[in-house]
Amino acid sequence: CVPDVVVKIGGGLLATAGDLDRVMAAIPALARYRRLLVVPGGGPFADAVRAVDRDLGIPADAAHWMAVLAMDQYAHLLAARLPGASVVSSLDQARKALDARRIPVLAPSNWLQNEDPLPHTWDVTSDSIAAWIADAAGAREIVLVKPRGATGCLVDPLFTQIVPSHLEASIIPVDQVDAAFGLVCQRK
């Protein structure tokens, strides 16, 4: 059993009360129709790394891995708030969670450290990481859930280069998540 949809939940959703709860309520309904792999953003956890980098200067490799570890932190938060979720750190663990009818939430640091597929620069965000994961997992679709009013220009510069042509990509502002997830359900 492989995930057919990767849902990346942006860390920016934590900035507005209720936005994360809205997505957490919608994910289980989508998971009844599609095999999901949830990938976290970095949010305030990655913002802390950016602030330290800005103030002290962190070597690019260290900043990259610290930001990836920020995604792991957000994965634990998401799994704690998402009914039926399990934190996973590999594609094999994600498959096992799906087989057990759980919703896998990826803490990506171990997988990324083993593969190290992306440049170590601030031009690479969790959007590009999620796109790489979706391709590596064999998913057919990636959905980026962003804060209200988000548009296609709010992805990092590498994202469009990483998303392969066979992978359907959607960017969904959180205030449109219910309707958009309904469409994702229909695209089996």
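Each reported figure results from applying straightforward, stated rules to the coordinates on display, with no laboratory input. Values in this document were obtained by computation on a predicted structure and should not be read as measured data. Please note: Cβ atoms are built from the backbone with ideal geometry, for glycine as well, and neighbour counts cover all protein chains shown.
Using Cα centres only, tell me the gap between the stretch 62-79 and the stretch 80-98 in whole Å.
16
Output ³J(HN,Hα) for the stretch 140-147: one whole-Hz value per residue in order, computed from phi by the Karplus curve 6.51 cos²θ - 1.76 cosθ + 1.60 with θ = phi - 60°, and x for Gly and Pro.
Calculated HN-Hα couplings, in order: 9, 8, 10, 10, 9, 9, 10, x Hz.
As an exercise, identify the trypsin sites (Lys or Arg not before Pro) in the stretch 61-115 lying in DSSP coil whose Cβ has no more than 15 other Cβ atoms within 10 Å. Show your work: numbers first, answer last.
Numbers: sites: Arg81, Arg95, Lys96, Arg101, Arg102; in loops: Arg101, Arg102.
Here the trypsin sites (Lys or Arg not before Pro) that fit, given the DSSP loop and packing criteria, are Arg101.
Just from the alpha-carbon atoms, what are the Rg and Dmax of the chain in angstroms?
Reported Rg and Dmax, both Å: 15.2, 48.
I need the helices of the chain that pass two filters: whole DSSP H segments spanning 18 Å or more by Cα along the axis, and mean Kyte-Doolittle score no lower than -0.5. Working shown, then result.
Numbers: long enough: 19-31 (19 Å, 0.95); 43-56 (20 Å, -0.08); 60-81 (32 Å, 0.46).
Going by DSSP H runs, the hits are 19-31, 43-56, 60-81.
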